[in-house]
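Okay, so here's the structure we're looking at.
The values are calculated or read from the model by the stated rules, or taken from the named source; none is laboratory data. The structure displayed is predicted, hence computed values, not measured ones. Cβ: placed from backbone, ideal geometry, glycine included. Neighbour counts: every protein chain shown. The accessibility values were calculated without ligands, DNA or RNA, using every heavy atom of the protein model including side chains. Shrake-Rupley method; radii C 1.70, N 1.55, O 1.52, S 1.80 Å.
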Amino acid sequence: MSVHNQVKRVSVPQLVAYKGQQKIAALTAYTAPFARLLDDALDMILIGDSTAMVGYGLPNTLSITVDQLASHAAAVVRSTSHACIIVDMPFGSYQESPQQAFANAARMLAASGADGIKMEGGMAMAETTRFLVERGVPVLAHVGLMPQYVNTMGGFKAQGMTDESAERILRDAVAHEQAGAFAVVLEGVAESLGRRITETLAVPTIGIGASPACDGQILVTEDILGLSGDRIPKFAKQFADVGAMVRSAAERYAADVKGGDFPGLEHCFGVKR
Ligand code: KIV
(Lines give C-alpha, C1' and ligand atoms only; values in the text may rest on other atoms or scores of the structure.)
Protein backbone atom coordinates (compact mmCIF):
# COMPACT_ATOMS: atom_id res chain seq x y z
CA MET A 1 0.00 0.00 0.00
CA SER A 2 1.36 3.43 -0.85
CA VAL A 3 1.80 6.04 1.86
CA HIS A 4 -0.92 8.13 0.18
CA ASN A 5 -3.79 5.70 0.50
CA GLN A 6 -3.09 4.62 4.07
CA VAL A 7 -5.99 5.56 6.35
CA LYS A 8 -4.79 7.71 9.22
CA ARG A 9 -5.89 6.94 12.74
CA VAL A 10 -6.74 9.54 15.33
CA SER A 11 -3.33 10.13 16.91
CA VAL A 12 -2.41 10.74 20.53
CA PRO A 13 -1.58 14.46 19.84
CA GLN A 14 -4.96 14.81 18.10
CA LEU A 15 -6.74 13.50 21.21
CA VAL A 16 -4.85 16.07 23.29
CA ALA A 17 -5.90 18.83 20.88
CA TYR A 18 -9.58 17.88 21.31
CA LYS A 19 -9.50 19.49 24.79
CA GLY A 20 -11.93 22.42 24.76
CA GLN A 21 -12.81 21.72 21.11
CA GLN A 22 -14.76 18.46 21.12
CA LYS A 23 -15.48 15.64 23.56
CA ILE A 24 -13.58 12.36 23.26
CA ALA A 25 -15.87 9.37 22.62
CA ALA A 26 -14.23 6.14 23.75
CA LEU A 27 -15.30 2.55 24.41
CA THR A 28 -13.59 -0.73 25.20
CA ALA A 29 -13.15 -3.56 22.71
CA TYR A 30 -11.39 -6.87 23.20
CA THR A 31 -12.11 -8.71 19.95
CA ALA A 32 -12.04 -8.13 16.19
CA PRO A 33 -15.83 -8.14 15.50
CA PHE A 34 -16.63 -5.52 18.14
CA ALA A 35 -13.61 -3.38 17.24
CA ARG A 36 -14.59 -3.42 13.55
CA LEU A 37 -18.14 -2.28 14.36
CA LEU A 38 -17.12 0.46 16.81
CA ASP A 39 -14.12 1.89 14.97
CA ASP A 40 -15.62 4.60 12.74
CA ALA A 41 -17.79 6.11 15.48
CA LEU A 42 -15.07 6.50 18.09
CA ASP A 43 -12.00 8.61 18.78
CA MET A 44 -10.38 6.00 21.01
CA ILE A 45 -10.73 2.29 21.70
CA LEU A 46 -9.31 0.82 24.90
CA ILE A 47 -8.35 -2.81 25.27
CA GLY A 48 -9.10 -2.67 28.99
CA ASP A 49 -8.02 -5.16 31.58
CA SER A 50 -11.77 -5.26 32.28
CA THR A 51 -11.68 -8.08 29.72
CA ALA A 52 -10.67 -10.23 32.71
CA MET A 53 -14.16 -9.72 34.16
CA VAL A 54 -16.20 -9.09 31.00
CA GLY A 55 -14.55 -11.59 28.67
CA TYR A 56 -13.17 -14.23 31.02
CA GLY A 57 -15.75 -14.10 33.84
CA LEU A 58 -13.14 -13.46 36.52
CA PRO A 59 -14.10 -11.66 39.76
CA ASN A 60 -11.63 -8.80 39.25
CA THR A 61 -8.98 -7.55 36.81
CA LEU A 62 -5.91 -8.79 38.67
CA SER A 63 -5.04 -11.99 36.84
CA ILE A 64 -4.98 -10.96 33.18
CA THR A 65 -1.46 -11.09 31.69
CA VAL A 66 0.60 -9.02 29.25
CA ASP A 67 0.44 -11.82 26.68
CA GLN A 68 -3.36 -12.12 26.94
CA LEU A 69 -3.97 -8.37 26.60
CA ALA A 70 -1.38 -8.09 23.82
CA SER A 71 -3.18 -10.67 21.71
CA HIS A 72 -6.58 -9.01 22.30
CA ALA A 73 -4.98 -5.67 21.38
CA ALA A 74 -3.42 -7.11 18.21
CA ALA A 75 -6.86 -8.36 17.12
CA VAL A 76 -8.34 -4.89 17.73
CA VAL A 77 -5.53 -3.12 15.87
CA ARG A 78 -5.84 -5.49 12.89
CA SER A 79 -9.55 -4.83 12.52
CA THR A 80 -9.59 -1.04 12.89
CA SER A 81 -8.23 1.89 10.93
CA HIS A 82 -9.75 5.00 12.51
CA ALA A 83 -9.73 5.12 16.31
CA CYS A 84 -6.65 5.64 18.43
CA ILE A 85 -5.90 2.30 20.14
CA ILE A 86 -4.81 2.25 23.76
CA VAL A 87 -4.06 -0.90 25.73
CA ASP A 88 -4.13 -1.39 29.50
CA MET A 89 -1.04 -2.47 31.40
CA PRO A 90 -2.07 -5.46 33.53
CA PHE A 91 -1.62 -5.64 37.30
CA GLY A 92 1.95 -6.61 38.20
CA SER A 93 3.41 -5.66 34.82
CA TYR A 94 4.50 -2.10 35.71
CA GLN A 95 4.36 -1.36 39.44
CA GLU A 96 7.74 -2.82 40.40
CA SER A 97 9.92 -0.21 38.70
CA PRO A 98 9.93 2.19 35.75
CA GLN A 99 12.30 -0.23 34.01
CA GLN A 100 9.86 -3.13 34.41
CA ALA A 101 7.08 -0.86 33.12
CA PHE A 102 9.10 0.15 30.06
CA ALA A 103 10.07 -3.44 29.21
CA ASN A 104 6.44 -4.62 29.39
CA ALA A 105 5.00 -1.55 27.66
CA ALA A 106 7.48 -1.97 24.80
CA ARG A 107 6.57 -5.67 24.57
CA MET A 108 2.87 -4.80 24.58
CA LEU A 109 3.18 -2.13 21.88
CA ALA A 110 5.48 -4.24 19.68
CA ALA A 111 3.19 -7.27 19.91
CA SER A 112 -0.05 -5.38 19.28
CA GLY A 113 0.70 -2.25 17.26
CA ALA A 114 -1.35 -0.17 19.74
CA ASP A 115 -0.76 3.60 19.96
CA GLY A 116 -0.21 3.87 23.69
CA ILE A 117 -0.79 2.33 27.09
CA LYS A 118 -3.02 3.03 30.10
CA MET A 119 -1.72 2.65 33.60
CA GLU A 120 -3.48 2.92 36.99
CA GLY A 121 -1.90 4.60 39.98
CA GLY A 122 -1.63 7.79 41.98
CA MET A 123 1.24 10.17 42.47
CA ALA A 124 3.64 7.34 43.32
CA MET A 125 3.36 6.11 39.71
CA ALA A 126 4.07 9.53 38.15
CA GLU A 127 7.80 8.78 38.01
CA THR A 128 6.95 5.70 35.90
CA THR A 129 4.78 7.83 33.61
CA ARG A 130 7.73 10.18 33.10
CA PHE A 131 10.13 7.29 32.42
CA LEU A 132 7.82 5.83 29.76
CA VAL A 133 6.93 9.13 28.07
CA GLU A 134 10.61 10.14 27.85
CA ARG A 135 11.24 6.84 26.05
CA GLY A 136 8.42 7.22 23.50
CA VAL A 137 5.51 5.43 25.18
CA PRO A 138 2.31 7.55 25.28
CA VAL A 139 0.69 7.15 28.70
CA LEU A 140 -2.98 7.50 29.59
CA ALA A 141 -3.05 7.78 33.40
CA HIS A 142 -5.97 6.33 35.41
CA VAL A 143 -6.80 7.79 38.84
CA GLY A 144 -9.75 7.78 41.26
CA LEU A 145 -11.37 4.37 41.45
CA MET A 146 -8.59 2.06 40.30
CA PRO A 147 -9.89 -1.51 39.89
CA GLN A 148 -6.36 -2.96 40.26
CA TYR A 149 -6.40 -1.58 43.84
CA VAL A 150 -9.62 -3.48 44.68
CA ASN A 151 -7.98 -5.26 47.61
CA THR A 152 -6.48 -2.13 49.18
CA MET A 153 -9.68 -0.11 48.56
CA GLY A 154 -11.85 -2.91 50.00
CA GLY A 155 -14.04 -3.18 46.89
CA PHE A 156 -15.05 -1.10 43.89
CA LYS A 157 -16.04 2.10 45.71
CA ALA A 158 -16.56 5.69 44.59
CA GLN A 159 -13.54 7.84 45.45
CA GLY A 160 -12.91 11.44 46.43
CA MET A 161 -15.92 11.74 48.74
CA THR A 162 -14.02 13.52 51.51
CA ASP A 163 -12.11 16.79 51.07
CA GLU A 164 -8.88 15.00 51.88
CA SER A 165 -9.31 12.21 49.31
CA ALA A 166 -10.56 14.69 46.68
CA GLU A 167 -7.39 16.77 47.17
CA ARG A 168 -5.25 13.62 46.87
CA ILE A 169 -6.92 12.58 43.59
CA LEU A 170 -6.46 16.10 42.21
CA ARG A 171 -2.76 15.93 43.15
CA ASP A 172 -2.52 12.45 41.52
CA ALA A 173 -3.95 13.78 38.25
CA VAL A 174 -1.70 16.86 38.27
CA ALA A 175 1.38 14.70 38.98
CA HIS A 176 0.66 12.51 35.94
CA GLU A 177 0.02 15.52 33.74
CA GLN A 178 3.32 17.06 34.84
CA ALA A 179 5.04 13.73 34.15
CA GLY A 180 3.79 13.82 30.55
CA ALA A 181 0.58 11.76 30.52
CA PHE A 182 -1.39 12.69 27.38
CA ALA A 183 -4.74 12.34 29.19
CA VAL A 184 -6.16 11.15 32.49
CA VAL A 185 -8.99 8.68 33.07
CA LEU A 186 -11.11 9.70 36.08
CA GLU A 187 -13.10 6.74 37.36
CA GLY A 188 -15.81 6.77 40.04
CA VAL A 189 -15.18 10.23 41.44
CA ALA A 190 -17.62 12.88 42.68
CA GLU A 191 -18.97 15.10 39.92
CA SER A 192 -17.57 18.29 41.45
CA LEU A 193 -14.12 16.71 41.59
CA GLY A 194 -14.34 15.57 37.96
CA ARG A 195 -15.15 19.14 36.98
CA ARG A 196 -12.37 20.61 39.12
CA ILE A 197 -9.71 18.25 37.71
CA THR A 198 -10.93 18.90 34.16
CA GLU A 199 -10.64 22.66 34.71
CA THR A 200 -7.19 22.30 36.29
CA LEU A 201 -5.51 20.08 33.71
CA ALA A 202 -4.33 21.22 30.29
CA VAL A 203 -4.64 17.63 29.00
CA PRO A 204 -8.02 15.92 28.50
CA THR A 205 -9.85 14.06 31.25
CA ILE A 206 -11.81 10.99 30.20
CA GLY A 207 -14.50 10.12 32.71
CA ILE A 208 -16.13 6.85 33.64
CA GLY A 209 -18.78 7.48 36.27
CA ALA A 210 -17.22 10.88 36.89
CA SER A 211 -18.70 14.06 35.42
CA PRO A 212 -20.18 15.34 32.14
CA ALA A 213 -17.70 18.20 32.56
CA CYS A 214 -14.91 15.74 31.66
CA ASP A 215 -13.36 16.12 28.22
CA GLY A 216 -14.74 12.75 27.17
CA GLN A 217 -16.17 9.47 28.36
CA ILE A 218 -15.03 5.85 28.24
CA LEU A 219 -17.42 3.01 29.03
CA VAL A 220 -17.28 -0.77 28.78
CA THR A 221 -19.04 -1.62 25.50
CA GLU A 222 -20.84 -4.66 26.90
CA ASP A 223 -22.40 -2.40 29.58
CA ILE A 224 -24.12 -0.14 27.02
CA LEU A 225 -25.27 -3.04 24.83
CA GLY A 226 -27.10 -5.13 27.41
CA LEU A 227 -24.37 -7.78 27.45
CA SER A 228 -23.31 -7.51 31.08
CA GLY A 229 -26.21 -9.38 32.71
CA ASP A 230 -27.18 -7.66 35.95
CA ARG A 231 -23.72 -6.18 36.55
CA ILE A 232 -24.40 -2.90 34.72
CA PRO A 233 -23.04 0.18 36.49
CA LYS A 234 -25.64 2.90 37.09
CA PHE A 235 -23.72 5.47 35.00
CA ALA A 236 -23.75 3.24 31.87
CA LYS A 237 -26.69 4.30 29.70
CA GLN A 238 -28.07 1.40 27.65
CA PHE A 239 -28.01 2.10 23.90
CA ALA A 240 -29.23 -1.31 22.69
CA ASP A 241 -30.31 -4.67 24.06
CA VAL A 242 -27.99 -6.90 22.06
CA GLY A 243 -28.19 -9.46 24.89
CA ALA A 244 -31.92 -9.98 24.21
CA MET A 245 -31.23 -10.24 20.45
CA VAL A 246 -28.54 -12.88 20.97
CA ARG A 247 -30.76 -14.90 23.34
CA SER A 248 -33.65 -14.82 20.90
CA ALA A 249 -31.41 -15.73 17.93
CA ALA A 250 -29.98 -18.69 19.90
CA GLU A 251 -33.50 -19.91 20.78
CA ARG A 252 -34.69 -19.65 17.17
CA TYR A 253 -31.51 -21.40 15.94
CA ALA A 254 -31.94 -24.25 18.44
CA ALA A 255 -35.62 -24.64 17.45
CA ASP A 256 -34.65 -24.87 13.76
CA VAL A 257 -31.98 -27.49 14.46
CA LYS A 258 -34.27 -29.56 16.71
CA GLY A 259 -36.87 -29.45 13.92
CA GLY A 260 -34.30 -30.63 11.34
CA ASP A 261 -34.52 -27.29 9.59
CA PHE A 262 -30.91 -26.65 8.57
CA PRO A 263 -29.46 -26.48 5.07
CA GLY A 264 -27.24 -29.07 3.46
CA LEU A 265 -24.55 -28.47 0.89
CA GLU A 266 -26.93 -28.79 -2.06
CA HIS A 267 -29.03 -25.92 -0.77
CA CYS A 268 -26.00 -23.64 -0.45
CA PHE A 269 -24.02 -24.38 -3.57
CA GLY A 270 -26.46 -26.25 -5.79
CA VAL A 271 -24.00 -29.18 -5.58
CA LYS A 272 -25.62 -32.48 -6.63
CA ARG A 273 -24.08 -35.93 -6.80
O1 KIV B 1 -10.33 -1.80 31.88
C2 KIV B 1 -11.16 -0.95 31.53
O3 KIV B 1 -12.09 -1.26 30.78
C4 KIV B 1 -11.00 0.41 32.04
C5 KIV B 1 -12.05 1.45 31.90
C6 KIV B 1 -11.54 2.83 32.10
C7 KIV B 1 -13.13 1.36 30.99
O8 KIV B 1 -10.00 0.67 32.61
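Below is a table of values for the structure above.
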| item | result |
| --- | --- |
| Computed over the chain, Cα set: Rg, Dmax in Å | 20.6, 79 |
| The range 21-100 and the range 218-273: distance between their alpha carbon centers, rounded to Å | 23 |
| Highest-fluctuation residue, Ile45, Ile208, Ile232 considered, GNM on the chain with Cα pairs under 10 Å | Ile232 |
| Span-rule helices in the chain, defined as complete DSSP H runs reaching 15 Å or more along the axis (Cα) with Kyte mean at least -0.5 | 66-78, 98-112, 242-258 |
| Within the range 31-157, percent of DSSP bridges classed antiparallel, to nearest 5 | 0 |
| Nitroxide proxy distance, nm - points 7 Å out along Cα→Cβ at Asn151 and Thr65 | 1.8 |
| Net length gained if the chain between Ala202 and His267 were fully extended (0.36 nm per residue, minus Cα distance) | 17.2 nm |
| Other-chain or far-sequence residues with amide H under 5 Å of Ile24's (modelled H) | Gly216, Gln217 |
| 222 nm mean residue ellipticity, helices alone, for the chain (DSSP H n ≥ 4; -39,500 (n - 2.57); rounded to 500) | -11500 deg cm²/dmol |
| Summed residue charge, Cβ within 13 Å of Gly57's Cβ, Lys/Arg positive, Asp/Glu negative | 0 |
| Computed accessible area, Leu219, all protein chains, 1.4 angstrom probe, square angstrom | 10 |
| Of Gln178, Gln68, Gln21, the one that fluctuates the most in a GNM where the chain has Cα springs shorter than 10 Å | Gln21 |
| Distance between modelled label sites at Arg171 and Asp241, nm, 7 Å Cα→Cβ extension | 4.8 |
| Sum of side-chain charges, Met245 neighbourhood, beta-carbon under 13 Å (Lys, Arg +1; Asp, Glu -1) | 0 |
| Amide H partners (placed H, <5 Å) of Ile232, local residues excluded | none |
| Which listed pairs, of Lys23/Lys118; Lys118/Lys237; Lys23/Lys237; Lys19/Lys237, have C-alpha distances above 21 Å, in listed order | Lys118/Lys237; Lys19/Lys237 |
| Among Arg171, Arg36, Arg252, residue whose mean-square fluctuation peaks in a GNM of the chain (springs only between Cα atoms under 10 Å) | Arg252 |
